[in-house]
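Have a look at the structure below before the remarks.
The values are calculated or read from the model by the stated rules, or taken from the named source; none is laboratory data. All values reported here derive from a predicted model rather than from experimental measurement. For neighbour counting, all protein chains shown are included, and Cβ atoms are generated from backbone atoms with ideal geometry for every residue, glycine included. Heavy atoms of the whole protein, side chains included, go into the accessibility calculation; ligands, DNA and RNA do not. Shrake-Rupley method; radii C 1.70, N 1.55, O 1.52, S 1.80 Å.
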Amino acid sequence: MKNNAETKVKFSLKEFAENQEKRELSGIYKDMQEEALSTFKAMGFNCTDANLIDKRGLIADAIYKVDGQLQYQSNDFKDLNFKSTILQNCETFNNMVSNLSVPIIDDTNPQWLDETATLSTETPNVGSVKFFPKRLSTKLNVSKMVTKQRVTDYDVISNINSNLENKLISSIFTYNHTQYEPEGIFNNTNLAGGYTDLDDIVELAYNVQKHGAIGCYIISPKAKAMILEENKEAFNGDKFLGESYIINPLMEDGIIAYVDLSKLAVCSWQFVDLTIDNITLSTSGQDIYYLTGYYDFKLYKDCFCSWLQMDNSSANGNG
């Protein structure tokens, strides 16, 4: 097959903003949008976002076509992966281009048997956990001078992306959620009752470990403060009550949970919607950047998380 490589270009926020100011994408930006829209439509989504582009294009050293297909040249695509420590401990699927279905296999029920005995009639199931892209948006006011300085392109997008990532984490570790927001993992997992003493916290780890999962404590700032009031020695180096722990200021405050993060899947799709408003704040010399990413998350099984609210305030969950 003939290799029809076209001229290589680099993504420019300045050019992209000018395209949007004219209300018409052209060149490589139009190609990126058409490819992204086609992908989402193939997944069954009636996508209404106006400026869908491939995230790889934002940091690519060069964008070009080979035989009509967009290609992205860069050594740093790993920079598109999740940056936060807590997400890196999860089962992450970065830069996805389709829906995802992860098979979950119940215990296959192995049994020791007498020479003439047969297996019991218990039948393990093969189920699945399905993931679909859900829209998560944010905005940032950016000086028009910054927009014109192409060297800052990745810094601007990285800042917005970090903001989205923080919101994703706070949505995972909560029992509260708003319309269109995926339910946090505390909605259907084990709410272990009220807090009276550290024995209740030890019980959280047991609730998960008895199902064959080994995780760590996820502790909100308020929960940490209350624990230290009771026992100044509860935190010993990198251990809390003999277990690994993470202090997470983004989680619902007052909660402490024990979670096997390796059983928590977090997905990120490789397309974003980047809209630049050149008009609203033009008199103050600023552009408004709106960025929408596509994410989903689920715990593979509810039993892989157990939690309680340290201040005993009302919380929704299944005990």
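For region 215-245, which residues satisfy the criterion of being assigned to a helix (DSSP H, G or I) and either crowded, with 16+ Cβ neighbours inside 10 Å or not small (Gly, Ala, Ser) (or both)?
Here is the first cut: in region 215-245, the ones assigned to a helix (DSSP H, G or I) are 221-230.
Correct list: Pro221, Lys222, Ala223, Lys224, Met226, Ile227, Leu228, Glu229, Glu230.
What are the residues in region 21-80 that are without any contact (Cβ under 8 Å) to a residue 60 or more places away in the chain and hydrophobic (A, V, I, L, M, F, W, C), if any?
Listed by number, the residues that qualify are Leu25, Ile28, Met32, Leu37, Ala42, Cys47, Ala60, Ala62, Ile63, Leu70, Phe77.
Name the single residue that is surrounded by the fewest Cβ atoms within 10 Å (Cβ to Cβ) among those in region 177-200 being touching a Phe, Trp or Tyr at 6+ places or on another chain (Cβ under 9 Å) and in a loop (DSSP other than H, G, I, E, B). Walk me through how you get there before you give the answer.
Residues of region 177-200 that are touching a Phe, Trp or Tyr at 6+ places or on another chain (Cβ under 9 Å), as a first pass: 182-187, 189-192.
Going one step further and asking which of them are in a loop (DSSP other than H, G, I, E, B), we end up with 182-187, 189, 192.
Values: Pro182: 18, Glu183: 15, Gly184: 21, Ile185: 23, Phe186: 28, Asn187: 17, Thr189: 24, Ala192: 21.
The selected residue is Glu183.
Could you pull out the residue among Leu37, Leu80 that is surrounded by 13 or more Cβ atoms within 10 Å (Cβ to Cβ), modelled with pLDDT of 85 or more and within 27 Å of Leu140 (Cβ to Cβ)?
Numbers: Leu80 fails: modelled with pLDDT of 85 or more.
Among Leu37, Leu80, only Leu37 is surrounded by 13 or more Cβ atoms within 10 Å (Cβ to Cβ), modelled with pLDDT of 85 or more and within 27 Å of Leu140 (Cβ to Cβ).
Consider only pairs whose beta carbons are under 6 Å apart and that are at least six residues apart or on different chains; among these, list those whose first residue lies in region 248-268 and is under 14 Å from Ile86 (Cβ atoms) and surrounded by 19 or more Cβ atoms within 10 Å (Cβ to Cβ) and whose second residue is of a type in the set (D, E, K, R) and at pLDDT 95 or above.
Partner pairs satisfying both residue conditions: none exist.
Is there a residue in region 101-118 that is under 21 Å from Tyr294 (Cα atoms) and either open to solvent by less than 90 Å² (accessible area, probe 1.4 Å) or at pLDDT below 80 (or both)? Let's see the steps before the verdict.
Looking only at region 101-118, we keep the residues that are under 21 Å from Tyr294 (Cα atoms), and these are 101-102.
Checking which are either open to solvent by less than 90 Å² (accessible area, probe 1.4 Å) or at pLDDT below 80 (or both) leaves us with 101-102.
Yes.
What are the pairs with Cβ atoms under 8 angstrom where one residue, in region 230-241, is closer than 19 Å to Asp311 by Cα and the other, located anywhere, is assigned to a loop (DSSP other than H, G, I, E, B) and among the charged types (D, E, K, R)? Sequence gap at least six, or different chains.
Glu230/Asp197
Cβ-Cβ under 7 Å, sequence separation 6+ or interchain: first residue in region 299-311 and of a type in the set (Ser, Thr, Tyr), partner part of a strand (DSSP E or B). Which pairs?
Note: pairs meeting the criteria are Tyr300/Ile104; Tyr300/Val129; Tyr300/Ala265; Ser306/Asn190; Ser306/Ala257; Ser306/Tyr258.
Is there any pair linking a residue in region 82-101 that is closer than 20 Å to Ser244 by Cβ to one that is open to solvent by less than 40 Å² (accessible area, probe 1.4 Å) and of a type in the set (S, T, N, Q), with Cβ under 9 Å and at least six apart or on different chains, and which?
Phe82/Ser268; Ile86/Asn248; Thr92/Ser268
Residues that are closer than 30 Å to Asn99 by Cβ and of a type in the set (A, V, I, L, M, F, W, C): does region 196-204 have at least one?
Quick first cut of region 196-204, residues closer than 30 Å to Asn99 by Cβ only: none.
No, region 196-204 has no match at all.
For region 274-287, give me the residue count where each residue is open to solvent by 10 Å² or more (accessible area, probe 1.4 Å) and in a strand (DSSP E or B).
3
Inside region 246-273, can you point out the residues that are among the aliphatic types (A, V, I, L, M) and assigned to a strand (DSSP E or B)? Explain how you work it out, then say what you get.
So the first thing to find is which residues in region 246-273 are among the aliphatic types (A, V, I, L, M), and the list is 246-247, 250-251, 255-257, 259, 261, 264-266, 272.
Residues satisfying the conditions are Ile246, Ile247, Ile255, Ile256, Ala257, Val259, Leu264, Ala265, Val266, Val272.
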